[in-house]
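Enquirer: What follows is a single structure, and I will ask about it in a moment.
The values are calculated or read from the model by the stated rules, or taken from the named source; none is laboratory data. This one's a predicted model, so the numbers in the text were calculated from it and none came from an experiment. Virtual Cβ from ideal backbone geometry, glycine too; neighbours counted across all protein chains shown. These accessible areas exclude ligands, DNA and RNA; they are computed on the full protein's heavy atoms, side chains included. Shrake-Rupley method; radii C 1.70, N 1.55, O 1.52, S 1.80 Å.
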Amino acid sequence: MLKLAVVEGVLERITYANEENGYTVARVDTGRGSGDLLTVVGSLLGAQPGESLRMEGRWGSHPQYGKQFTVENYTTVLPATVQGIRRYLGSGLIKGIGPRIADRITEHFGVDTLEVIEHRPERLIEVPGLGPKRTKMIGAAWEEQKAIKEVMVFLQGVGVSTSIAVRIYKKYGDASISVVKNEPYRLAADVWGIGFLTADKIAQSVGIPHDSPERVKAGLQYALSQSTDSGHCFLPEEQLIADSVKLLQVDTGLVIECLAELADEEGVVRETVPGPDGGEPVTAVYLVPFHRAEISLAGQVLRLLRGGEDRMPAFRDVDWDKALAWLARRTGADLAPEQSQAVRLALTEKVAVLTGGPGCGKSFTVRSVVELARAKKAKVVLAAPTGRAAKRLAELTGAEASTVHRLLELRPGGDAAYDRDRPLDADLVVVDEASMLDLLLANKLVKAVPPGAHLLFVGDVDQLPSVGAGEVLRDLLSEGSPVPAVRLTRIFRQAQQSGVVTNAHRINSGVPPITHGMPDFFLFAEEDTEAAGKLTVDVASRRIPAKFGLDPRRDVQVLAPMHRGPAGAGTLNGLLQQAITPARPDLPERRFGGRIFRVGDKVTQIRNNYEKGANGVFNGTVGVVTSLDQDEQRLTVLTDEDEEVAYDFDELDELAHAYAVTIHRSQGSEYPAVVIPVTTGAWMMLQRNLLYTAVTRAKRLVVLVGSRRALGQAVRTVSAGRRCTALDHRLVQR
């Protein structure tokens, strides 16, 4: 076997990094003095520009890039020259030290700098401009960095990325290596970003047997949690067993045994429920929180519906003709008959649902409900699942509205400040964009509604269901549901003139949209998926701003059916960033994994984080990067809820670019213009409710880019089957 070659040098820059597999292309200064940089490729997880590396690997040649070195493993070496030390400290590796402070420290201590930080950090106070607070912070950050490095060296062997190694360290501190060695499956439950597959890879490398019951139970729970990510509240037992056997590659008998043990230990719940569409009963297997939430939500809805108390008794014997005439004078418009019915329902029934498509007057109906309730001095509380939807609801009604998360004051761990024991102070609660409410959030919300208050769910049931598990709005509207509902179907004359509204209804009826002769609805035909991706970028960044005077960052949103592929949100984000926020020498930026963040970038939060901001920052929150501080290693985002939120550089895996987002992630938001790539590359995802949801996100303009064949497929394909949920059955059965 050939002996590995050794190369030492300073990592100057990372030119490419794949977040998923850690493959990196970087440029290294080997100190030969010629000024030429060496290209190195391979897994350089955790290495930061400015670090001195000792790399083992093999020499090779690339037909396009010439001589390069393929790294098989590496260690970091502390730099020995003043220049190397300055570069190392200024790279943003140690919190509290940026390029300016690195210059000052190395100027003062020279080659002894690292020795001082390591053994006598109190001496840093000698450096002009460094106070005791920052000195202490640098000392602590250095210690933490050393400890993280140790964990990283250990985790490198099992291919864990830097960001996850940092998170493991933050979660377990000095116990990190012990937990990873002895209880690797704990990581999947405790550490965000580590799923069962990563934990399983780690478990394998530390010698946990393939058929250990611990592994099989963790695998069963992973299969169930994967199904909740796909929207299911439970899985039929037979399907769960089959999925787990395939995932774990173990005997069916062992999986059945471990499932029975899990049920005895109350790790899962088994219950017989009706099969899909009233078919043969199935044994449903739930993760505990979803089973509890489903029973609780059904119970709370029925409690509200049947309660004797009424916090808006004035509407029981109101003269409706008089009330509606007063309302027409106040709003300047009459309600259509089905709108009047919806208004009466919301104000006389304790729980009601208002649904309907765009242009059918849902918004005006909601405004009317709120006007009448406030005329009778009722306390009205308005909420929506996203910041943008809440803003729109506030503009529409002239009353304050907030996100459901902020309304309930959700805390770390997901507990709410308001619940059954401490309900909201409200007589009427209106929830807009209710198709987005998943089971867990809906349960928390309904729990907080006081007895006797009225609860109105408003939403378009034909849109995509929630990102989280459940189909709450559809279950509330299911056949036999005790919850009264009104569906608005008449499209108002004004809305009929809109191509966006007309085509949304055509798509929803299975009829192709009209794509010519419309002032606000266009199709740019392009059969090739990659070319369609590039054309999407040109339309969003250049053509729409030029023709319609819209801001490409604020007013135009690209909505892709999927994340992957040449016309997927991932690729398009990179291209749109180059077009809208390109690199400039005076523009601060920070690389994290495969992404580069710049001031001016449009970004989105990709997990719920209850610790951030005033009341937490939630999955789907969008904002713009307003500052990037290399010294403090912090980036600041101004969210669409007008809150400034700071992110340390090691938290940047919570952010993704949002120039393009998947249609699922756009739910509840509304944009002046949307651009939708519809390509054969996304064939499996193309469904009617997906396209309908994307089109209904637009206020003024829709541009489809792609193939007519793909568009036809999307319009024809009705989404396959319902999600596994038993909420409808629980509502009817009592």
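Enquirer: Does segment 422-440 hold any residues that are out of contact with any Phe, Trp or Tyr (no Cβ under 9 Å at 6 or more places or on another chain), under 26 Å from Leu287 (Cβ atoms) and surrounded by fewer than 24 Cβ atoms within 10 Å (Cβ to Cβ), and which are they?
Expert: Asp438
Enquirer: Restrict the check to segment 667-674 and report whether at least one residue is of a type outside the set (Val, Ile, Thr), touching a Pro at 6+ places or on another chain (Cβ under 8 Å), modelled with pLDDT under 90 and at positive phi.
Expert: yes
Enquirer: Restricting to segment 567-579, count the residues that are open to solvent by 20 Å² or more (accessible area, probe 1.4 Å) and under 18 Å from Val678 (Cα atoms).
Expert: 3
Enquirer: Now for a different question. Only one of Gly594, Gly565 is out of contact with any Leu (no Cβ under 7 Å at 6 or more places or on another chain) and under 18 Å from Ile14 (Cβ atoms); which? Can you show your working first?
Expert: Values: Gly565 fails: under 18 Å from Ile14 (Cβ atoms).
So the residue among Gly594, Gly565 that is out of contact with any Leu (no Cβ under 7 Å at 6 or more places or on another chain) and under 18 Å from Ile14 (Cβ atoms) is Gly594.
Enquirer: Go through the residues of segment 519-530 one by one and say whether even a single one is part of a helix (DSSP H, G or I), in the same structural domain as Ala698 (by the TED database) and either over 28 Å from Val624 (Cα atoms) or more than 30 Å from the chain's Cα centre (by Cα) (or both).
Expert: Looking only at segment 519-530, we keep the residues that are part of a helix (DSSP H, G or I), and these are 529-530.
Filter once more, keeping what is in the same structural domain as Ala698 (by the TED database): 529-530.
Checking the rest, the ones that are also either over 28 Å from Val624 (Cα atoms) or more than 30 Å from the chain's Cα centre (by Cα) (or both) come to 529.
Yes, there is a match, as at least one residue in segment 519-530 is part of a helix (DSSP H, G or I), in the same structural domain as Ala698 (by the TED database) and either over 28 Å from Val624 (Cα atoms) or more than 30 Å from the chain's Cα centre (by Cα) (or both).
Enquirer: Among the listed residues Glu471, Glu479, identify the single one that is acidic (Asp, Glu) and within 31 Å of the chain's Cα centre (by Cα). Before you say what the answer is, go through the steps one by one.
Expert: On the way: Glu479 fails: within 31 Å of the chain's Cα centre (by Cα).
None of the others qualify; the one that does is Glu471.
Enquirer: How many of the residues making up segment 108-139 are in a loop (DSSP other than H, G, I, E, B) and open to solvent by less than 20 Å² (accessible area, probe 1.4 Å)? Spell out how you get there, then give the answer.
Expert: Quick first cut of segment 108-139, residues in a loop (DSSP other than H, G, I, E, B) only: 120, 127-131.
Subsequent filtering for residues that are open to solvent by less than 20 Å² (accessible area, probe 1.4 Å) retains 127, 130.
Looking only at that region, the number is 2.
Table: residues versus (1) touching a strand residue (DSSP E or B) at 6+ places or on another chain (Cβ under 8 Å); (2) part of a helix (DSSP H, G or I); (3) among the small types (Gly, Ala, Ser); (4) open to solvent by less than 30 Å² (accessible area, probe 1.4 Å).
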{"site": "Ile514", "(1), (2), (3), (4)": "yes, no, no, no"}
{"site": "Asp551", "(1), (2), (3), (4)": "no, no, no, no"}
{"site": "Arg554", "(1), (2), (3), (4)": "no, no, no, no"}
{"site": "Gly565", "(1), (2), (3), (4)": "no, no, yes, no"}
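Enquirer: Here's something else I'd like to know. Find all pairs meeting these conditions: Cβ atoms under 9 angstrom apart; at least six residues apart or on different chains; first residue within segment 280-292 and closer than 12 Å to Leu440 by Cα; second residue acidic (Asp, Glu).
Expert: Between residues of segment 280-292 that are closer than 12 Å to Leu440 by Cα and residues that are acidic (Asp, Glu), the close pairs are Val288/Glu266; His291/Glu271.
Enquirer: Restricting attention to segment 245-300, and to residues there that are in a helix (DSSP H, G or I) and acidic (Asp, Glu), which single residue is least open to solvent (accessible area, probe 1.4 Å)?
Expert: Across segment 245-300, the extreme among qualifying residues is Glu294.
Enquirer: Is it the case that some residue within segment 593-603 is more than 20 Å from His563 (Cβ to Cβ), part of a loop (DSSP other than H, G, I, E, B) and over 16 Å from the mean Cα position of the chain (by Cα)? Show your work before the answer.
Expert: Applying the first criterion (more than 20 Å from His563 (Cβ to Cβ)) to segment 593-603 yields 598-600.
From what is left, the residues that are part of a loop (DSSP other than H, G, I, E, B) are 599-600.
Checking the rest, the ones that are also over 16 Å from the mean Cα position of the chain (by Cα) come to 599-600.
Yes; the residues of segment 593-603 include at least one that is more than 20 Å from His563 (Cβ to Cβ), part of a loop (DSSP other than H, G, I, E, B) and over 16 Å from the mean Cα position of the chain (by Cα).
Enquirer: Cβ-Cβ distance below 7 Å, separation of 6 or more or different chains: which pairs start in segment 56-84 with a residue that is in contact (Cβ under 8 Å) with a residue 12 or more places away in the chain and farther than 17 Å from Val6 by Cα and end on one that is assigned to a strand (DSSP E or B) and open to solvent by less than 90 Å² (accessible area, probe 1.4 Å)?
Expert: Listed by first residue and then by second, the contacts come to His62/Gln68; Tyr65/Thr39; Gly84/Val10; Gly84/Ser52.
Enquirer: Could you grab the pairs with beta carbons closer than 6 Å, sequence gap of 6+ or different chains, first residue in segment 514-537 and without any contact (Cβ under 8 Å) to a residue 60 or more places away in the chain, second one open to solvent by less than 40 Å² (accessible area, probe 1.4 Å)?
Expert: Met518/Gly499; Val537/Leu576
Enquirer: Would you confirm whether any residue within segment 366-378 is in contact with a strand residue (DSSP E or B) (Cβ under 7 Å, 6 or more places away or on another chain) and not aliphatic (A, V, I, L, M)? Reasoning before the result, please.
Expert: Applying the first criterion (in contact with a strand residue (DSSP E or B) (Cβ under 7 Å, 6 or more places away or on another chain)) to segment 366-378 yields 366, 369-370, 373-374, 378.
Filter again for not aliphatic (A, V, I, L, M), leaving 374.
Checking segment 366-378: at least one residue is in contact with a strand residue (DSSP E or B) (Cβ under 7 Å, 6 or more places away or on another chain) and not aliphatic (A, V, I, L, M).
Enquirer: Same structure again: If a residue has to be assigned to a loop (DSSP other than H, G, I, E, B) and crowded, with 20+ Cβ neighbours inside 10 Å to count, how many in segment 469-512 make the cut? Spell out the reasoning first.
Expert: Our first condition is that a residue be assigned to a loop (DSSP other than H, G, I, E, B); within segment 469-512, this holds for 469-471, 477-484, 489-492, 497-498, 509-512.
Adding the requirement that they be crowded, with 20+ Cβ neighbours inside 10 Å leaves 469-471, 483, 498.
Adding up the residues that qualify gives 5.
Enquirer: Please state which of the following conditions His210 fails to meet, knowing it meets all the rest: (1) crowded, with 19+ Cβ neighbours inside 10 Å; (2) not in a helix (DSSP H, G or I).
Expert: Condition (1) is where His210 drops out.
Enquirer: Next question. Restricted to segment 605-627, and to residues that are in contact with a Leu (Cβ under 9 Å, 6 or more places away or on another chain) and buried (at least 20 other Cβ atoms within 10 Å of the Cβ), which residue is nearest to Pro588 (Cα to Cα)? Please lay out each step first, then the result.
Expert: The first filter runs over segment 605-627 and keeps only residues in contact with a Leu (Cβ under 9 Å, 6 or more places away or on another chain), leaving 605-606, 608, 610, 615-616, 618, 623-627.
So of that shortlist, the ones also buried (at least 20 other Cβ atoms within 10 Å of the Cβ) come out as 605, 616, 618, 623, 625.
Numbers: Gln605: 20, Gly616: 26, Phe618: 26, Gly623: 17, Val625: 11 Å.
In this case the residue turns out to be Val625.
Enquirer: OK, next. Within segment 182-202, is there a residue that is among the β-branched types (Val, Ile, Thr), closer than 22 Å to Glu654 by Cβ and at pLDDT below 75?
Expert: no
Enquirer: Being open to solvent by 10 Å² or more (accessible area, probe 1.4 Å) and modelled with pLDDT under 95 is the requirement here; does Leu464 meet it? Walk me through it before giving the result.
Expert: On the way: open to solvent by 10 Å² or more (accessible area, probe 1.4 Å): no; modelled with pLDDT under 95: yes.
Criteria not met by Leu464.
Enquirer: Moving on. Would you mind finding the one in Ser478, Ser498 that is touching a residue at least 12 places away in the same chain (Cβ under 8 Å) and within 20 Å of Met436 (Cα to Cα)?
Expert: Ser478
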